[in-house]
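K.L.:
Below is one structure. I have some questions about it.
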């Protein structure tokens, strides 16, 4: 999964970093910038945006309407594109005067790239720790693609803090097995970095109509300058496993937590038919909707339809 437009427009980095964005990246530019204190201090942060040091590293977050908020809507991004991928929905919920919290998961965006195993539990704990930082008791969690795995794991860890779960194009229902060796070698990192020149254009496969998003590949290219990005992606993939998530989903079926699944009608990244039978078996009482004219990112390709669905799920209003 993939990416956030908001902060790229507002950040001011060093002359070197500006040059990297202004010209095509060379092999020397890939993974050349550490996300350290100097990096964080070089960013111009808007109101409601900041960093907090959690147990595994510094976490970048963005908030809105947080005054007196105890039960936010928490947006969790997917596999590789950080929180800016949620910008259309973040802005919509902000206009609706909802309190919203989103973050860059470890190894993505502006958050740290710690030298750890990138597991569902790592990410779920990061979200919960961020909620603790803001003294947030409970929330409604919306997980996009790989973010669906994260919000499931979160519900498994602390179900009493979950008011509702909304899965958008979630990859968390597929059958996957953890790698027998989750260590990440330098050879594996080098092999992935060798694909970086082609990687940004590959992100366009998320869309049914990629020509409508001409800047998407360039935004993704910005991510490739951060040290540790390749290792984080490889480790995440190696640690994917469906065994625990299947158990959590079965427990959700027996709980009172409302579960909603939303899919793009033309998603070729997470193909619904590959796990439809399993999903019906694990979560038959869920509410489910399909967004027309959209691929893997329905909230971006058909935001009006998608946001009407959220209105019907999160607050009073009719669904399409």
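Since every read-out is calculated from the coordinates, none of them should be taken as a lab result. Only a predicted model underlies this, so the values are computations on that prediction, with no experimental measurement involved. No Cβ is skipped: glycine too gets one built from the backbone with ideal geometry, and neighbour counts run over all protein chains shown.
K.L.:
For residue 174 and residue 91 in the same chain, what is the full-extension length gain: residue separation times 0.36 nm, less their Cα-Cα distance, in nm?
P.N.:
Taking 0.36 nm per residue and subtracting the Cα distance, the gain is 26.8 nm.
K.L.:
Does anyone have the angle between helix 303-314 and the longest principal axis of the chain? Alpha-carbon axes, 0 to 90°, nearest 10?
P.N.:
Value to nearest ten degrees: 50.
K.L.:
Could you tell me which of rounded, prolate or oblate describes region 42-178, using a ≥ b ≥ c as the square roots of the eigenvalues of the alpha-carbon gyration tensor, with rounded for a/c under 1.5 and, failing that, prolate when a/b is larger than b/c and oblate otherwise?
P.N.:
rounded
K.L.:
Given the Cα-Cα distance of residue 281 and residue 268 and 0.36 nm per residue of separation, how much length would full extension add, in nm?
P.N.:
Gain on stretching residue 281 to residue 268: 2.4 nm.
K.L.:
Shifting gears a bit: Just rank 154, 165, fewest to most, by other beta-carbon atoms within 10 angstrom.
P.N.:
The fewest-first ordering by Cβ neighbours comes to 165, 154.
K.L.:
Another question about this same structure. Applying a 10 Å radius around every beta-carbon, put 48-61, 201-214, 69-82 in order of their mean neighbour count, most first.
P.N.:
69-82, 48-61, 201-214
K.L.:
If packing is taken as the average number of other Cβ atoms within 10 Å across a peptide's residues, how do 143-152, 230-239 rank, most packed first?
P.N.:
143-152, 230-239
K.L.:
In nanometres, what is the gap between the two model label sites at residue 290 and residue 244, each 7 Å from Cα along Cα-to-Cβ?
P.N.:
It is 3.3 nm.
K.L.:
Give the order of 86, 216 when sorted by the count of other beta carbons within 10 angstrom, beginning with the fewest.
P.N.:
The order, fewest Cβ neighbours first, is 216, 86.
K.L.:
Give me the percent relative contact order of region 5-313, please, defined on Cα pairs under 8 angstrom at least 6 residues apart.
P.N.:
18 percent
K.L.:
Can you give the direction-averaged projected area of the convex hull of the alpha-carbon atoms in the chain, in nm²?
P.N.:
15.4 nm²
K.L.:
Using DSSP, restrict attention to beta bridges with both residues in the chain and report what percent are antiparallel, rounded to the nearest 5.
P.N.:
30 percent
K.L.:
Continuing with this model, one more query. Quick check: convex hull of the Cα atoms in region 254-293, volume per residue, rounded to a whole Å³?
P.N.:
Looking at region 254-293, the number lands at 67 Å³ per residue.
K.L.:
Between residue 211 and residue 37, what is the label-point separation in nm under the 7 Å Cα-to-beta-carbon projection?
P.N.:
The modelled label-to-label distance comes out at 5.1 nm.
K.L.:
Once both axes come from the Cα atoms, what is the angle between helix 120-133 and the longest principal axis of the chain, in degrees from 0 to 90, rounded to 10?
P.N.:
Helix 120-133 and the main axis of the chain meet at about 90 degrees.
K.L.:
To the nearest 0.05, how large is the calculated FRET efficiency for residue 201 and residue 44 if R₀ is 25 Å and r is the Cβ-Cβ distance?
P.N.:
Result of the calculation: an efficiency of 0.30.
K.L.:
Still on this model: Apply the a/c threshold of 1.5 to the C-alpha gyration tensor of region 39-83 and tell me whether it is rounded, prolate or oblate.
P.N.:
oblate
K.L.:
Between rounded, prolate and oblate, where does region 186-320 land on the alpha carbon gyration tensor, with a ≥ b ≥ c its root eigenvalues, rounded for a/c under 1.5, else prolate if a/b exceeds b/c?
P.N.:
Verdict is oblate for region 186-320.
K.L.:
Can you give the angle from 0 to 90° between the axis of helix 229-238 and the longest principal axis of the chain, with both taken from C-alpha atoms, to the nearest 10?
P.N.:
Compared with the principal axis, the helix lies near 40 degrees.
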